[in-house]
Amino acid sequence: MKYLLLTLAVGASVMASPLAKQAKGVGLVAIPADKAAVRKLIDHPTNKLTPEKIELGKKLYFDPRLSKSGLISCNFCHNLGEGGDDGVAAAIGHGWTANPHHLNSPTVYNAVFAQKQFWDGRSPDLEDQAKGPTLAPPEMAATKEYISKVVNSMPEYVAEFKKAYGKDVKIDFISITDTIGLFERTLVTPSRFDDYLNGDEKALSKAEKAGLKTFMDLGCTSCHTGIAIGGGMQGFAITANYKYENVGDFKGDANGLVKTPTLRNVTQTAPYFHNGTVWDLQAAIKEMGRIQLGLNVSDKDAASVETFLKALEGRKPKVDYPMLPASTENTPKPNVN
C-alpha cells in the first residue's frame with residue numbers, strides 16, 4: 001500500500017497541467033532535469049566532451065593573449081559574471097572599436113541550443129562561431145598563425161592539449177577554437193520555467209503562469225520556441241518598420257532573415273535587438289508586438305509577459321576564474337595598435 005501511494009504521489013507530481021501542456025503544444029521545450037539528458041543534448045557529435053577538454057576550453061575562453069592586443073578574451077564580450085554578454089549597445093573590440101555594423105553581442109549562455117550562430121546565422125555551431133571573433137579586425141584582431149603560436153609557446157597549454165586529446169594532437173587554430181566551443185557548450189542555465197515544464201506545478205507563481213499564458217496568447221511563440229526559446233532564423237519587422245532600423249547597416253542574411261535571440265536570462269541581457277537600441281524590457285516587448293505580430297501590446301500585457309520572462313532567469317553553472325599558464329620568451333608580444 002505504501003508503495004502504491006508513493007507511486008501515485010510521484011505520478012501526480014509530474015503530471016503536466018493544462019497550461020504546461022499548452023506551452024509544450026506551441027513548441028516550448030524544457031531543459032531536462034536529468035543531467036545525463038542535458039549532456040546528451042549539448043555534447044559534440046564527434047568531439048565528445050570530457051573534463052579535460054572543458055577545463056582547457058575554459059582557460060582559452062578567458063585568455064586575453066589570444067587577441068592581438070593581449071587585452072581581449074572571449075569573456076570580454078561574453079561576460080560570464082553577468083548575462084553572458086557585454087551590456088553595451090554595440091560590441092567593442094580592438095583599439096576600442098565599436099562594431100562597424102553596430103551589432104550587439106548576444107549571450108553565450110544557452111547558445112548551444114540555438115540552431116545557428118551570429119545574427120545572420122552564418123555559423124552552424126559554437127566551434128565554428130569561435131573562429132570569427134578571434135580573427136575579426138574590430139574584435140580580437142588576431143591571425144590563425146598568431147593564436148597557434150601563442151598557445152604552442154606555453155608548455156602548460158601543450159601538456160593540457162595532449163592530456164585532453166592524446167600525444168599526437170595537432171595544436172592549431174582549429175583545435176584551439178574547437179576547444180573553446182566545447183567549453184561554451186556547457187554554459188546551460190536551467191530555470192524555474194524548466195522546473196515547471198518538467199512537472200513542478202509550484203515552480204511558477206500565479207502571476208508568472210498568467211504571464212506565460214499572455215506570452216502564448218499574443219503569439220510570441222511564433223518565433224520564440226524550442227529549448228532555446230529562440231535561436232532560429234526569422235523574418236524581422238514583418239508587420240511594421242523597426243523604430244531603429246537605421247542604426248547600423250545590418251539587414252539579416254541573404255534572405256533578410258535574422259536569428260531570433262534566446263529569451264533565457266533576457267532580464268540580464270539589455271540592451272535588446274541586433275543593434276542594441278532598446279534598454280527597457282517592456283518597451284522591447286511592445287516593439288516586438290508591433291513589428292512582428294501587428295499588435296498594439298498594452299501596458300498590462302507587456303508587464304505580464306515581463307513577469308513570465310523573469311522566470312527564465314536561470315541557475316548559472318559555477319565558473320571559477322582559471323589560473324592561466326605563464327607566458328614564455330617565445331610567446332608573441334601584444335600589439336595594441
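The values are calculated or read from the model by the stated rules, or taken from the named source; none is laboratory data. Predicted, not measured: the structure shown is a model, and the values here were computed from it. In this analysis, Cβ positions are derived from the backbone assuming ideal geometry, glycine residues included, and neighbour counts consider all displayed protein chains.
For region 246-266, state whether one or more residues are over 21 Å from GLU184 (Cα atoms), of a type in the set (D, E, K, R), touching a His at 6+ places or on another chain (Cβ under 8 Å) and not assigned by TED's automatic domain parsing to the domain that holds VAL88. Checking region 246-266: at least one residue is over 21 Å from GLU184 (Cα atoms), of a type in the set (D, E, K, R), touching a His at 6+ places or on another chain (Cβ under 8 Å) and not assigned by TED's automatic domain parsing to the domain that holds VAL88.
Mind checking which residues of region 203-245 are of a type in the set (Gly, Ala, Ser), out of contact with any His (no Cβ under 8 Å at 6 or more places or on another chain) and at positive phi?
Across region 203-245, the qualifying residues are GLY219, GLY226, GLY231, ALA237.
Suppose the filter is in the same structural domain as LYS68 (by TED's automatic domain parsing), within 19 Å of ASN79 (Cα to Cα) and modelled with pLDDT of 95 or more; does THR143 pass it? No; evaluated as a whole, the condition is false for this residue. Number of residues in region 31-79 that are aliphatic (A, V, I, L, M), under 25 Å from GLU313 (Cβ atoms), surrounded by fewer than 21 Cβ atoms within 10 Å (Cβ to Cβ) and touching a Pro at 6+ places or on another chain (Cβ under 9 Å) equals 3. Taking the conditions (1) in a helix (DSSP H, G or I); (2) buried (at least 21 other Cβ atoms within 10 Å of the Cβ) in turn, GLY84 satisfies each one other than (1).
Scanning region 120-135 for residues that are assigned to a loop (DSSP other than H, G, I, E, B) and surrounded by 23 or more Cβ atoms within 10 Å (Cβ to Cβ) turns up just one, ALA130. Counting the residues of region 244-293 that are more than 19 Å from the chain's Cα centre (by Cα) and either assigned to a helix (DSSP H, G or I) or among the aromatic types (Phe, Trp, Tyr) (or both) gives 13.
Yes/no matrix, rows are residues, columns are (1) in contact (Cβ under 8 Å) with a residue 12 or more places away in the chain; (2) closer than 15 Å to PHE215 by Cα; (3) of a type in the set (D, E, K, R):
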residue: MET233; (1), (2), (3): yes, no, no
residue: ALA240; (1), (2), (3): yes, no, no
residue: PHE250; (1), (2), (3): yes, no, no
residue: ALA254; (1), (2), (3): no, no, no
residue: ASN275; (1), (2), (3): yes, no, no
residue: MET288; (1), (2), (3): yes, yes, no
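Matching residues to (1) part of a loop (DSSP other than H, G, I, E, B); (2) surrounded by fewer than 20 Cβ atoms within 10 Å (Cβ to Cβ):
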{"residue": "PRO137", "(1), (2)": "yes, yes"}
{"residue": "VAL151", "(1), (2)": "no, no"}
{"residue": "TYR157", "(1), (2)": "no, no"}
{"residue": "ALA164", "(1), (2)": "no, yes"}
{"residue": "SER175", "(1), (2)": "no, yes"}
{"residue": "GLY181", "(1), (2)": "no, no"}
{"residue": "VAL188", "(1), (2)": "yes, no"}
{"residue": "ASP194", "(1), (2)": "no, no"}
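Select from region 303-320 the residues that are more than 14 Å from ASP194 (Cα to Cα) and surrounded by 11 or more Cβ atoms within 10 Å (Cβ to Cβ) and list them in ascending order. Matches in region 303-320: ALA303, SER304, VAL305, GLU306, THR307, PRO317, VAL319.
Name the residues in region 47-97 that are at positive phi and over 15 Å from the mean Cα position of the chain (by Cα), would you? Don't jump to the end; show me each part of the working.
Here is the first cut: in region 47-97, the ones at positive phi are 70, 84, 87, 95-96.
Of everything in region 47-97, those that are at positive phi and over 15 Å from the mean Cα position of the chain (by Cα) turn out to be GLY70, GLY95, TRP96.
Selection over region 304-332 of residues that are in contact (Cβ under 8 Å) with a residue 24 or more places away in the chain and in a loop (DSSP other than H, G, I, E, B) gives a count of 17.
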